[in-house]
Amino acid sequence: MNVRLRALGRNLCLLFPGLVAGAFAAAACAPAAQPGPTTPPARPAPTVASAGPEAKPAATAAPAKPAATQPPAARPAEKPDLKAIEEFYQGKTIRIIVGYSAGGGFDTYARTLARHLGSHLPGNPTAVVENVPGAGSLKAANQLFKLTKPDGLTFGTFNEFQLLSQLTGQQGVEFDARQFSWVGSSYTSHVACVARKDTGLATFQDLLKASQPFVVGGTAPGSETDDFPRVLRATTGAKLKLVSGYEGTSKIRLAVESREVDGACWSWQSIKSTAQQWLDEKYVNVLVQQSREGRHPDLKEIPVAEEFARDDAGRQALRAWAAPQAMSKPFAAPPGVPAERLAALQQAFMATFKDPAFLDDARKANLDVEPKAGPQVLEVAREVLSAPPGVARKLAEALKAE
Amino acid sequence: MQKVFARRRPSMSTLMFIGFGIAAAIAWVNSADANLIESFGKGFLAIFEPRPFLLMMVGIIIGFMVGILPGLGGAVTMAIMLPFTFDMKPVEAFAFLLGMLSVTATTGDITSVLFGVPGEVISAALVVDGHPMAKKGQAGRALGAVLMSSLVGAVIGAFAIVLAIPFVRPLVLSFGSPEFFMLSILGITFVASISSGNVLKGIIAGGLGLMLAMIGMDPQSGIQRYTFGMLHFWDGIGLVPVAVGLFAFPEMFDLAVKGTSIAGERVGKIGGVMEGVKDTFRYWWLTVRCSLLGAFTGMIPGLGGSVAQWIAYAHAAQSSPDKERFGKGAIEGVLGPGAANNSKEGGNLIPTVAFGVPTSITMAILLGAFLIQGLVPGPSMLTKNLPLTMSFVWVIVVSNVITVALCFIFINQLAKITYIRGGLLIPPIILLVYVGSFAEKNALLDLITTLFFGLVGLAMVYLDWPRPPLVLGLVLGSLAENYLFLSYARYSLDFLTRPIVVILILICLTAVFFPLVESQIRRRLAPTAEVEVFASEP
């Protein structure tokens, strides 16, 4: 017994420092495990802040500057001190935070950007990607807003539809999109609904007249596959039945083919790249589309959902819902980034999106390229959030799950 | 060998296999054509050209490391490696990625066996019986069995692709959400057979797993369940922190308390590698059945990557004449999951290639590789691009042959790790465990989750509660819930009347009640030692 106890004591002495050291070492090592880090960031701040409530007081940058100080930062006309910026970025590592796990669409944009961004910034810093998945990228948005140091070395991407979460007052939102230092956005998205041909639905008018509900597949609340049918139903009175919970649009496609659902609504870009065969074989009809910027060049004959809204509030709700699509895959830095560094980031972002090497990679990875510069993104964000309270309420009601 | 066959009773699943096999053979012969066989040869030659072969070797080396390191998974590695395939040709890119992927499944098993820490999430089932073998000084035997069964599984899984090609479309399309729901329920009924004899405790642990699966935002209405207002829990608990904590910590404590090496005793030849290789052939039909099970589980889009191993483990336990050995170092419990988690890679590829529907996270990333190569997954992969599809088959086979051959060279040295003093092993293992659980989501809170489940695991071990049912409940719980909602939303209660659903319900009922009835019969026939074991059943 005594021998056992002594053995226990001796080994526990080894074990507990091991446990504690393990936890710290893991936290310290993991960000460095990203590809190609050159110099660790010179900041003492924790790299990945815990999302627990106890971490809140640690938010040094939380009281952000008022929104009014933001726009001047975006004006490239005022000549920034290039030399100082170059000195700042030289030998540093830029971190791009992605609100989803590795391998998804947001991650692909961020990693492709990270490969080319450095060469367009003064001082040629290295860029690494860090995945902070959680809560449909809300976690990353909150982290960027509250816990990230606004030094121009960290920015990130999260779902543009999180703007609507702010607008409709969804719980868990701890950011104000108007205060982010927007770097840019990647493309303009257009949502479209397709119906399997044998449902007999050829146009949206057919759907409005239909007696049977049109069954659409969805992934989860907060995604266009769920929210567009919901808004459509609430504003146009179309008979839509949403079956939600599929693991991704690929599973919805399978469900359409096995006749579990009749169709689905998601981004036209994605429909083209993953379901081209459906379009080629006329297996489906495109019923309706919606975006902030009118009809998509491919879909000149397809009506926009707004045209079918029953009243003005409905039309405005549809418009407000679709507005964030104009800033798809946005990149934002925390509020309060020094103006000249933000301007440098914005310019580098736009220059990267014009770089032939980047475009070549983007084409291979099937990425849409239609960038908006930071100031324009801010404009869209303001437009979304300036929707009148009535419209916001209508939208919140429409988006609420039945 | 004779003895094993003589004692085996014809289990339900064996009969199912035979039926399925006959149906498959008839359908295949009807629809196979010359193109298939020609492409088969072309695919083989394609991967032996210098560049694809070299890249496959690079993939194997990367996969080897990633597999050995606990927690660090194949999915993350593939996502990071994806940009490197921009400049590759299709055959090269897939030789690189698939070579890497199929190796992680094999080498992950090694960590599970040696340290009792799951090397990959898909290797967690190997801990249950593999590690007790290592503790008994039979690490070499367990590793030999794992490697050999992995190889057999990989080959069978790869050729399952070839066999499935002619009728993959109707097969996959005949499964909808209601069928997936019933399949996950069928998986849950296996809880009883992986409870190492204590069915009541097993069912409770399984229920706990189901409860854990409910943590997070309800996917239907967005209601938060057990999240305590923390964003971190909106997506539920990760499988890595739970599995790693549950299995790794008790082992580390045990090692610390004993103050010895992992292997308590030294045994001679019986613990050797060749013995394990022989075991694979001693239990040949079990290995083959579990390989087929793995391939089939992988083929069904919707069951995910980590289910196959547990189903195979349950099957191995269920079809064994003495279930009490399981959890204490039964060789069948090593062979089953070892074979299944390699054969499922082949199965996984089928819907990914034929429909563009990924069955797991790794396959979703592989789908990205298709787009980069300008290939559209779908029927054209089975006609115009068939040689490329066939090269996938060969990559899986060849990379596994190479890995297993490499492993055999220094496996005896690897097994000697189990003779190192525990005090030296614990700190690096704990470190790797934490790195692994952190790497899944880059979240510090996951370290606390790992620690928490480590303590839960410790309590379960000391109070003699089986841990596998908890993991199985967690894995299948969210699937079952999701598909139940989908089925109900689409068909309301009518989904219960679909033919395949009815068949699956009957199978579930049989799976639950057959052992009870059987034990009654046995009790009448042989009122001796076995009564004690079954007497504890509810």
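The values are calculated or read from the model by the stated rules, or taken from the named source; none is laboratory data. Given the structure is predicted, the values throughout are model-derived calculations rather than measurements. A quick note on method: Cβ atoms are made from the backbone with ideal geometry, for glycine too, and the neighbour counts reach across all protein chains shown. Side chains are part of the model used for accessible areas, which takes the heavy atoms of the whole protein and leaves out ligands, DNA and RNA. Shrake-Rupley method; radii C 1.70, N 1.55, O 1.52, S 1.80 Å.
By the rule of a C-alpha distance below 19 Å, with chain neighbours fewer than 8 residues away ignored, the aspartates and glutamates paired with residue A:364 are A:107, A:355, B:87, B:92.
With every protein chain in place and a 1.4 angstrom probe, the accessible-area ranking of B:488, B:313, B:462, largest first, reads B:462, B:488, B:313. Within the stretch A:191-290, DSSP assigns beta bridges of which about 60% are antiparallel (rounded to the nearest 5). For residue B:329, neighbours were defined as the other residues whose beta-carbon sits under 11 Å from its Cβ, and their charges (Lys and Arg +1, Asp and Glu -1) total +3.
Annotation for the stretch A:254-300: trypsin sites (Lys or Arg not before Pro) lying in DSSP loop with at most 12 further Cβ atoms inside 10 Å of their Cβ are A:282, A:300.
Using the Cβ atoms and a cut-off under 15 Å, what net charge is assigned to the surroundings of residue B:177, where Lys and Arg are +1 and Asp and Glu are -1?
On the way: positive: A:241, A:251, A:253, A:259, B:490, B:498; negative: A:247, A:257, A:260, A:262, B:179, B:481, B:494.
Around residue B:177, the surrounding residues sum to -1.
For the stretch A:191-290, the solvent-accessible area of protein heavy atoms averages 32 Å² per residue (probe radius 1.4 Å; ligands and nucleic acids excluded). Peptide B:420-430 has a mean of 4 when you count, residue by residue, the C-beta atoms of other protein chains within 10 Å of its C-beta. Accessible surface ranking for B:274, B:57, B:88, B:363, 1.4 angstrom probe, highest first: B:274, B:57, B:88, B:363. Summed over the residues of chain B and divided among them, the accessible surface reaches 37 Å² per residue at a probe radius of 1.4 Å. Other residues with beta-carbon under 10 Å from the beta-carbon of residue A:239 carry, at +1 per Lys or Arg and -1 per Asp or Glu, a net charge of +3.
Taking each residue in A:355-365, count the Cβ atoms of any other chain within 10 Å of its Cβ, then average. What number comes out? If you can, show how the numbers build up before the last one.
Working: counts 0, 0, 0, 0, 0, 1, 4, 0, 2, 8, 7.
Per residue, the number of nearby Cβ atoms from other chains is 2 on average.
Longer than 19 Å from Cα to Cα, which of A:251/B:441; A:329/A:394; B:136/B:416; B:135/B:328 are they? Say none if no pair is. The answer is A:251/B:441; A:329/A:394.
For the stretch B:2-535, what class follows from the C-alpha gyration tensor (a ≥ b ≥ c being the square roots of its eigenvalues): rounded when a/c is under 1.5, otherwise prolate if a/b is larger than b/c, else oblate?
On the way: a/c = 1.26, a/b = 1.14, b/c = 1.11.
Note, shape of the stretch B:2-535 comes out rounded.
Averaging Cα coordinates gives a centre for the stretch A:139-173 and one for the stretch B:81-104; these two points are 34 Å apart.
Residues A:293, B:481 ordered from highest to lowest accessible area at a 1.4 Å probe: A:293, B:481.
Buried accessible area between B and A (1.4 Å probe, both chains summed, ligands and nucleic acids excluded), in Å² to the nearest 100?
Numbers: alone 22480 and 18830 Å², together 36110 Å².
Approximately 5200 Å², summed over both chains.
With loop defined by DSSP as not H, G, I, E or B, and exposure as at most 11 other Cβ atoms within 10 Å, which is the longest segment of chain B clear of exposed trypsin sites (Lys or Arg not before Pro)? Spell out each step's value before the answer.
Details: sites that count: B:266, B:384.
With trypsin sites (Lys or Arg not before Pro) excluded where exposed in loops, chain B gives B:1-265 as its longest stretch.
Just tell me how shielded A:251-261 is by partners: mean number of partner chain Cβ atoms within 10 Å of each residue's Cβ, no decimals. Could you put the intermediate results ahead of the total?
Details: counts 9, 1, 3, 10, 6, 0, 5, 7, 2, 8, 5.
The shielding value for this peptide is 5.
Burial annotation for the stretch B:465-507: residues with an accessible-area loss of at least 10 Å² between the isolated chain and the complete set of protein chains, computed on heavy atoms with a 1.4 Å probe, are B:482, B:483, B:486, B:489, B:490, B:491.
For the stretch B:2-535, the fraction of 1.4 Å probe accessible surface lying on carbon and sulfur atoms is 73 percent. Residue A:273 sits with roughly 40 Å² accessible to a 1.4 Å probe, with DNA, RNA and ligands left out of the calculation. Based on the alpha-carbon gyration tensor of the stretch B:146-218 and its eigenvalue square roots a ≥ b ≥ c, which shape applies: rounded if a/c is under 1.5, prolate if not and a/b is larger than b/c, or oblate? Oblate, since a/c reaches 1.5 and b/c is not below a/b.
Would you work out if the stretch A:191-290 is rounded, prolate or oblate? Take a ≥ b ≥ c from the square roots of the eigenvalues of the alpha-carbon gyration tensor; rounded if a/c is under 1.5, else prolate when a/b is larger than b/c, oblate otherwise.
On the way: a/c = 1.42, a/b = 1.11, b/c = 1.28.
Taking the square roots of the gyration eigenvalues as a ≥ b ≥ c, the stretch A:191-290 is rounded.
Entry note, chain B: the mean residue ellipticity at 222 nm calculated from DSSP H runs of n ≥ 4, each adding -39500 (n - 2.57), is -24000 deg cm²/dmol after division by the residues and rounding to the nearest 500.
Carbon and sulfur together cover what percent of the accessible area of the stretch A:277-354 at a 1.4 Å probe radius?
That fraction is 47 percent.
Rounded to the nearest whole Hz, the Karplus-based 3J(HN,Hα) values (6.51 cos²θ - 1.76 cosθ + 1.60, θ = phi - 60°) of the stretch A:110-122 follow the sequence 5, 5, 5, 4, 4, 5, 10, 4, x, 6, 9, 9, x, with x at glycine and proline. Its relative contact order, with pairs defined as Cα atoms under 8 Å and 6+ residues apart, puts chain B at 27 percent.
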